[in-house]
Amino acid sequence: MNANIDALTRSVLEQMGRTPAPRLRQIMQSAVRHLHAFAEEVELTPEEWLAGIAFFTATGQMCSADRQEFILLSDTLGLSSLVNLLHDCGGLEQATESSVLGPFYRETAPRLAAGDSIARIAQGGTAVQYYGRVTDVQGRPLPGAQVQIWQTDADGWYDIQLHDQELVDMRGNFTCDENGWYLARSVLPKSYPLPADGPVRRMLDAQERHGYRPAHIHFLISAEGHKELVTALYLEGDPYLESDTVFGVTSAELVVAPKQDEAAPIRELPAIRYDFRLARGSAESGRVGADVSKINLG
Ligand SMILES: [Fe+2]
């Protein structure tokens, strides 16, 4: 019996061994080795195999221009954070820790001036300012660095969950000044549950996981000659900080608290100051995730 299983796995690997592209060959052969080992380890039954097929089919069918269920699946399996960590390990320099991009990133964030608020439509919430410097790993400022910020409103919703694709809120692009400073106004974000209407949520329910993400602010930062940084800041004291459903809080370095700050540019607002360090490298060094509306659903 086992000899037959081994022979089967070997013949699959042998057929795939003819793949001309070396990286594709390596990835697919490794995937097959682990997939076969997994099925063997759990002694996967035909019914379970079919349930798995149905799950992946439903995951695909849930995807649209404003919903990427496969990214949610990757996130909730910890795969997105793992790939991020692997990517960070590749750098020689100690840049700011990265975090997951998530499924709510949009390329269409508006360009705003320093000090503008990203809360242009949303009402209510605790007003706050985000400010700090973007530097290289030696602390030298990066003038003109681009800082994109996006987050939920004070009720825990992203714009695309409330409005159609055209209506953009709670996100903006800022340009650092000649000394590398950025400044944005916003309101504090709120922890939120992953979408409740898809197969990923059904998986979380079956595993008795709460399905929440701690309140966070997403940042995507780029500067010429430097690796793009995708990260997020998490609010201290959030009840889901230790049990983030997508395992995004990979470092205590990313946990922040708003405070009264005499040095902050806007006197009357509590401030979250955060300085970001970018490693040298090409901007096109890859990120885990994408604007999901741009993923070809062909
Ligand atoms: Fe998020």
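Coordinate-derived values only; no laboratory data. Quantities reported herein were computed from a predicted structural model and do not represent experimental measurements. With ideal geometry, Cβ positions are generated from the backbone for all residues, glycine too; neighbour counts draw on all protein chains shown.
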Extension gain THR57-GLN138, at 0.36 nm per residue separation less the Cα-Cα distance, in nm?
24.4 nm
Considering the chain as a Gaussian network with a 10 Å cut-off on Cα pairs, which listed residue, GLY52, GLY78, GLY156, attains the greatest mean-square fluctuation?
GLY52
Have a look at the DSSP beta bridges in segment 215-265 and tell me what percent are antiparallel, nearest 5.
75
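Distances longer than 37 Å among the Cα atoms of the chain: what percent of all pairs is that?
22
Quick one: if you take sqrt(5λ) for each eigenvalue of the C-alpha gyration tensor of segment 1-104, what semi-axes come out, biggest first, whole angstrom?
Details: eigenvalues 177, 99, 37 Å².
The three semi-axes for segment 1-104 are 30, 22, 14 Å.
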By DSSP, what percent of the beta bridges with both residues in segment 69-291 are antiparallel, rounded to the nearest 5?
75
Ordered by packing density, taken as the mean number of other Cβ atoms within 10 Å over each peptide's residues, highest first, how do 187-197, 210-220, 100-110 rank?
210-220, 100-110, 187-197
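For the chain, what does the helix formula give at 222 nm: sum of -39500 (n - 2.57) over DSSP H segments with n ≥ 4, over the residue count, nearest 500 deg cm²/dmol?
Details: 7 runs with 83 residues, N = 298.
Calculated from helices alone, the mean residue ellipticity at 222 nm is -8500 deg cm²/dmol.
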When LEU79, LEU72 are ranked with the fewest other C-beta atoms within 10 Å first, the list becomes LEU79, LEU72
Using only C-alpha atoms and all pairs of different ones, pull out the Kirkwood radius for segment 2-44 in Å with one decimal.
10.8
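Kirkwood hydrodynamic radius of segment 107-216 from all distinct Cα pairs, in Å?
Details: mean 1/r = 0.0643 Å⁻¹.
Hydrodynamic radius (Kirkwood, Cα only) of segment 107-216 equals 15.6 Å.
Can you check what the net charge comes to around GLU208, using other residues whose Cβ is under 13 Å from the Cβ of GLU208 (Lys, Arg +1; Asp, Glu -1)?
Numbers: positive: ARG201, ARG202, ARG209; negative: ASP205.
Result for the neighbourhood of GLU208: +2.
Rounded to the nearest 0.05, what FRET efficiency is calculated for ARG209 and HIS163 with R0 set to 25 Å and r the Cβ-Cβ distance? Kindly include the intermediate steps, with their values, before the conclusion.
Working: r = 28 Å, r/R0 = 1.14.
Once the sixth-power term is evaluated, E becomes 0.30.
Subtracting the Cα-Cα distance from 0.36 nm times the residue separation, let me have the gained length for ALA263 to THR19 in nm, one decimal.
Numbers: separation 244, 0.36 × 244 = 87.84 nm, distance 5.91 nm.
Extra length from ALA263 to THR19 when fully extended: 81.9 nm.
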Given segment 155-290, what whole percent of its Cα pairs are spread farther than 25 Å?
38
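Please sort 252-264, 11-23 by packing, taking for each peptide the average over its residues of neighbouring beta carbons within 10 angstrom, highest first.
The densest-packed peptide leads the list: 252-264, 11-23.
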